[in-house]
Structure formats: structure tokens, C-alpha cells
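Before any comments, here is the structure.
A short reminder: the numbers here are calculations on the coordinates, not readings from a lab. None of the values given here were measured: they were computed from a predicted structure. Here the Cβ positions follow ideal geometry from the backbone for every residue, glycine too, while neighbour counts run over all protein chains shown.
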Ligand SMILES: C[S@@+](CC[C@H](N)C(=O)[O-])C[C@H]1O[C@@H](n2cnc3c(N)ncnc32)[C@H](O)[C@@H]1O
């Protein structure tokens with residue numbers, strides 16, 4: 001399969017063990033990718049999201065998954081920053097515990113998050129404050 005994640009034809013009969021999402025990091029893109037591809041992930045399959053600490057748009061999609069009991073997840077800071085005094089890129093690994101009874105699924109586009117990519121001003125020196133990273137370590 002090759003092309004834009006939100007436009008490419010997909011074979012709905014496919015079932016994946018793991019999906020890796022790392023495209024343009026706007027909330028609108030990542031949440032629609034998750035809505036589109038998560039139903040193709042097998043139960044106990046892994047959804048790996050890149051740049052979840054650095055990009056607020058991706059972090060908001062992670063927040064929605066955290067609040068959904070069908071998933072368990074861990075977010076880890078990567079061992080580098082993303083420019084001087086910035087947050088690290090960050091990786092989130094999501095395990096799909098079970099499928100959704102709803103079709104297509106129970107993950108919804110959240111209009112209040114639309115347009116978010118990154119908040120540069122709030123990001124500077126916020127490494128310790130990022131809510132996705134365990135602050136007790
Ligand atoms: C952050 S980089 C990720 C690089 C990738 N992980 C790799 O190792 O090559 C984002 C890449 O995704 C592409 N991209 C952005 N939006 C996309 C979309 N909606 N569908 C497919 N690819 C997209 C960009 O052109 C860019 O090459």
C-alpha cells in the first residue's frame with residue numbers, strides 16, 4: 001500500500017499485528033489515521049506513534065486513547081531533544097486490548113483539538129512538565 005494515509009485504498013480484510021504512525025503530526029491527520037487504521041489492528045496488536053511528546057497534535061490523540069478502556073499504553077521520551085531546550089520526540093506504544101462494538105469505531109474526531117500541531121512557546125523548557133512523561137522518575 002503506498003500513498004496518502006487518508007486517501008489510499010485499503011483492503012478492509014487486512015489485519016495487522018503492528019501499525020507505526022509517523023506522518024505530518026497535526027491532530028486532524030493523526031486522529032483520522034487512527035480512526036481509519038485502528039479497526040485493522042488485531043486484538044493485542046500494537047499501535048506505535050512517533051513524536052508524541054514533542055507534537056501537541058499527536059499528544060492530544062494519545063490523550064484520547066488513554067481515556068479509552070480498549071487500550072493500554074506507555075509513552076517514553078526518546079534519548080535526545082528536538083532542538084535546544086525542547087521536549088524530546090517521544091514514542092507511545094499502544095496495546096489494543098479489544099475491538100470496538102461500534103463501527104467504524106468509538107474513537108471520534110474532537111473538534112476542539114482541530115488545527116493543533118505544536119505550541120512552540122509553551123514547549124520551551126517544558127520537558128519536566130509534559131503530562132505524557134512520568135514525572136516521578
Ligand atoms: C516525520 S516524517 C517520518 C519519516 C519516516 N518515519 C521515515 O523513517 O521515513 C513524515 C513523513 O511522512 C510523510 N507524510 C506526511 N503526511 C502523510 C500522509 N498523510 N500520508 C503519508 N505520508 C505522509 C512526509 O512526506 C514525510 O516523509
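Among 65-76, 50-61, 19-30, how do they line up by average Cβ neighbours within 10 Å per residue, starting with the highest?
Numbers: 65-76: 15.2, 50-61: 24.9, 19-30: 18.3.
Averaged packing, sorted descending, gives the order 50-61, 19-30, 65-76.
With contacts taken as Cα pairs under 8 Å and at least 6 residues apart, the chain reaches a relative contact order of 27 percent. Place a point 7 Å from Cα of residue 16 in the direction of its Cβ. Which residues in region 34-73 have their backbone N less than 17 Å from it? Residues passing the 17 Å test: 34-52, 58, 61-62, 65, 71-72.
Based solely on its DSSP helices, what 222 nm [θ] is calculated for the chain when runs of n ≥ 4 H residues each add -39,500 (n - 2.57) and the sum is averaged over all residues, nearest 500 deg cm²/dmol?
Numbers: 3 runs with 26 residues, N = 137.
Value at 222 nm, helices only, nearest 500: -5500 deg cm²/dmol.
Across region 55-116, C-alpha contacts under 8 Å between residues 6 or more apart give a mean separation that, scaled by the residue count, equals a relative contact order of 35 percent.
The simple spin-label model puts a point 7 Å past each Cα toward its Cβ; for residue 78 and residue 102 those points are separated by 3.2 nm. The long axis of helix 27-37 is offset from the longest Cα principal axis of the chain by roughly 30 degrees. Connecting C-alpha atoms closer than 10 Å in a GNM of the chain, tell me which of 12, 43, 33 has the biggest fluctuation. The residue that fluctuates most here is 12. Using a Gaussian network model of the chain in which every pair of alpha carbons under 10 angstrom is joined by a spring, one finds that among 115, 99, 45 the greatest mean-square fluctuation is at 115. Against the chain, whose longest principal axis comes from its Cα atoms, helix 56-66 is set at around 60 degrees.
With both residues required to sit in the chain, DSSP beta bridges show an antiparallel share near 70%.
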